[in-house]
Structures are given as C-alpha cells and as structure tokens.
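Heads up: the structure comes next, in structure tokens.
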Amino acid sequence: MTYIPYLSTFVTFVFAIAVYNRYRQRGGTHLLLWAFGLLFYGLGTLSEVILTMAFNAFVLKIWYLTGAMLTAAWLGMGTVHLLIRKGRAAQITTWILGAVSLLAFFLVMASPILSASYNVSLPASEQYKDILSRGGVTIFLTILLNIYGTITLVGGAIYSAFLFWRKKILANRMFGNVLIAAGALSPAMGGTLLKAGYVDMLYLSEFIGAILMFIGFVMSTSGKTEASV
C-alpha cells in the first residue's frame, strides 16, 4: 500500500488550501491554525512518500517533526481558538506552543543520524528509533505535544458535538464534529495496528483520518443555519 501516502498527501494539501481559503474569506485565527496543522500533516505524508523511494536524513527529520510532533498540537490549537473566544488564554497558549515548536525544530534538526540501514519497503515509523537519535527532551516534547493535541482536537470536537446535540440544533455541525474527532484518532489507531504487525494499516489510517476530517469540516461549515466557523 505504498501508494496510499500519495493519496493522503493530495487530500491533505487540498484540505489545507480549502481551510486557508475560508480563512481569507471569513477570517478567524482558528482557521489559520487549522491550515497550519494540515500543512504539517501533508508534509508528514509527503515525507513518507519520499522515504518509500530513498532514504534522506533531512526528510526523516521533517517527517518526525511534522508527523510525530507538530500536527496534532497545531490542529488542536485551532480548536482552542474556536472554543475560547474571550480573554487572552488562547493567544498566550499559541505563543507558548510556538516557542515549544521552535525548540522542537532545533532539537530534531540537531539530532544525530545513526548508521543503521533503512528499508524503503517499511514505514518510517517502524524504523526511526534505530536511525534518529533522540534525546530525553525531544522524547518528552513529543509526548507532551501529542497529549495536548489529542485532548484539544478530539476533546474539542466531541465537546462541540455534545453542545449541538444537547441544544438539538445544527445537526450537520454535530455529525461533522464527530467525524473530525474520528479522523483525528485514526492515525493513532494505525500506530497501534503497526505495533501489532499490520504495517500497511498505518498508511491507510492516515488516509482515512484525512478523509474523515475533511468531510467533517465540510459538514460543519455547510448549511444556511451555520454558526460562525
């Protein structure tokens, strides 16, 4: 299934452009940050495409930085801005995330590459631990960023869906948020299946995740009764 990262990359970049165009039309910091997060998602899958053809140390680092560290956090940051409209909590958190992301960039770029061989027929996620030497701070930031991203993106989508369900309004946005949450969780499920030996399922889960989030976004932003998204 090595062709699937090509599909994931195409869908994700189209998705990112659609979100950015909506930002240009309507404004909204949450849309801009979602576009950034989707750009990172696309860079991660694009890196997978390149790594299925040949090994490149810089591309492996970009894959780890975007796919393993930054995507979920910045998508979740967009959701924080959507849900928290008052005060400066969202803005302050964004600046903190920006500083952490810069630190992560420098740490990953400075990480040495070990001499272990790379197999292009296997996903990078199955091999990087033997090739990319990560320090304790890098590992800690990876865990922290993913926890933050999962809580804010998935939790925010579920919370929004619950609000629409309780108020019995805007059913399209309720179901759209459910799909966004499911899409965000899909790559994590793929990682679990990868550890169980189902190698190709990681690529498939990334593709399914991008599709579900795209459909959820379209559903959430369609209809005459739509609230400001």
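Just to be sure I understand the filter: pairs with C-beta atoms under 7 Å, separated by 6 or more residues or on different chains, first member in segment 1-22 and surrounded by 22 or more Cβ atoms within 10 Å (Cβ to Cβ), second member of a type in the set (S, T, N, Q). Which pairs pass?
Going by the 7 Å Cβ cut-off, the qualifying pairs are Pro5/Thr45; Pro5/Thr52; Ser8/Thr45; Thr9/Thr45; Thr12/Thr45.
Can you name every residue in segment 130-141 that is β-branched (Val, Ile, Thr) and free of Cβ contacts under 8 Å to residues at least 12 places away in the same chain?
Listed by number, the list holds a single entry, Ile139.
Identify, by number, the condition in (1) in contact with a Leu (Cβ under 6 Å, 6 or more places away or on another chain); (2) farther than 25 Å from Ser205 by Cβ; (3) not hydrophobic (A, V, I, L, M, F, W, C) that Lys86 doesn't meet.
Among (1) in contact with a Leu (Cβ under 6 Å, 6 or more places away or on another chain); (2) farther than 25 Å from Ser205 by Cβ; (3) not hydrophobic (A, V, I, L, M, F, W, C), Lys86 violates only (1).
Of these, Gln127, Gln91, which one is within 19 Å of Ala35 (Cα to Cα) and either without any contact (Cβ under 8 Å) to a residue 24 or more places away in the chain or not basic (Lys, Arg) (or both)?
After applying the criteria, what remains is Gln91.
Could you tell me which residue of segment 132-166 is farthest from Ala57 (Cα to Cα), considering only residues that are of a type in the set (A, V, I, L, M) and surrounded by fewer than 20 Cβ atoms within 10 Å (Cβ to Cβ)?
Leu163
Can you find a residue in segment 59-67 that is more than 23 Å from Tyr159 (Cα to Cα), crowded, with 24+ Cβ neighbours inside 10 Å and of a type in the set (S, T, N, Q)?
Looking through segment 59-67, none of the residues is more than 23 Å from Tyr159 (Cα to Cα), crowded, with 24+ Cβ neighbours inside 10 Å and of a type in the set (S, T, N, Q).
Wholly within segment 70-180, which helices (runs of 4 or more DSSP H) include no fewer than the required count, namely at least 3 residues that are modelled with pLDDT under 85 and over 20 Å from Phe40 (Cα atoms)?
Where helices (runs of 4 or more DSSP H) fall fully within segment 70-180 and carry at least 3 residues being modelled with pLDDT under 85 and over 20 Å from Phe40 (Cα atoms), they are 136-167.
In segment 181-210, which residue that is at pLDDT below 70, in a helix (DSSP H, G or I) and not small (Gly, Ala, Ser) is nearest to Ala157 (Cα to Cα)?
Restricting to residues being at pLDDT below 70, in a helix (DSSP H, G or I) and not small (Gly, Ala, Ser), the top hit is Met189.
The values are calculated or read from the model by the stated rules, or taken from the named source; none is laboratory data. Predicted model only: the values in this text are computed from it and were never measured. Every residue, glycine as well, gets a Cβ built from its backbone with ideal geometry; the counts of neighbours run over all protein chains shown.
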